[in-house]
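Okay, so here's the structure we're looking at.
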Amino acid sequence: MKNDDTSSLSHTRWNCQYHIVFTPKYRRKAIYAKLRSDIGKYIRRLCEYKGVEIVEAHAMSDHIHMLVKIPPKLALSSFMGYLKGKSSLMIFDEHANLKYNYGSRHFWSEGYYVSTVGLNKQTVANYIRNQELDDQLADKKSIKEYKDPFTGK
């Protein structure tokens, strides 16, 4: 993937960036030292598998902040299910002692916060407003004058 503003698939140019925040179950302050570096390693690997680019990420003691570019062919909710589910399994495989604190092998809480990141609202509104005018002007240029074959007018 490129590091410029837009990326591409075979027939698509896109720039889908999301700010995502998710927490451990019961918001436990569980992300420390060795576990913190391992979680970062697991998340980077899983994102790489799905073709998701991590623009920025930071692990706090009780939550994870990420700014990611997700291709439009991948639904955000399915990506988050994949990321949290697989990383939870990887955490429990590497750190077997956590099973006493998290008996059901659920490391992450159920929900997550997401916000889109991109052009500001005013820029998009101006584009939409002006796009209609541009289309009308283009239509006027392409109108051909036809004569009615029956009346000659």
Using alpha-carbon positions, the gyration tensor of region 11-72 gives root eigenvalues a ≥ b ≥ c; with a/c under 1.5 called rounded, otherwise prolate if a/b exceeds b/c, else oblate, the class is prolate
With Cβ to Cβ distances under 14 Å as the rule, what net charge do the other residues near Ile54 carry (K, R +1; D, E -1)?
-> +2
Signed unit charges on C-beta, dipole axis of region 1-96, positive-most listed residue His63, Ile20, Leu74 = His63
Quick one: go through region 21-53 and flag any residue whose amide nitrogen is under 12 Å from the point 7 Å out along the Cα-to-Cβ line of Asp93.
-> 42, 46
Report, by chain and number, residues whose modeled amide H sits under 5 Å from the one on Gln17, excluding near sequence neighbours (fewer than 5 apart, same chain).
-> Val117
Amide H to amide H, which residues 5 or more places from Ala57 or on other chains are under 5 Å from it, using H placed in the peptide plane?
-> Leu67
Scalar couplings 3J(HN,Hα) for region 77-82 by Karplus 6.51 cos²θ - 1.76 cosθ + 1.60 (θ = phi - 60°), nearest whole Hz, x for Gly and Pro, are 5, 5, 5, 5, x, 5
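Laboratory data are not the source of any read-out in this text; all were calculated from the coordinates shown. Quick caveat, the model's predicted, so the values are computed rather than measured. Cβ sites come from the backbone with ideal geometry, for glycine too, and all protein chains shown count toward neighbours.
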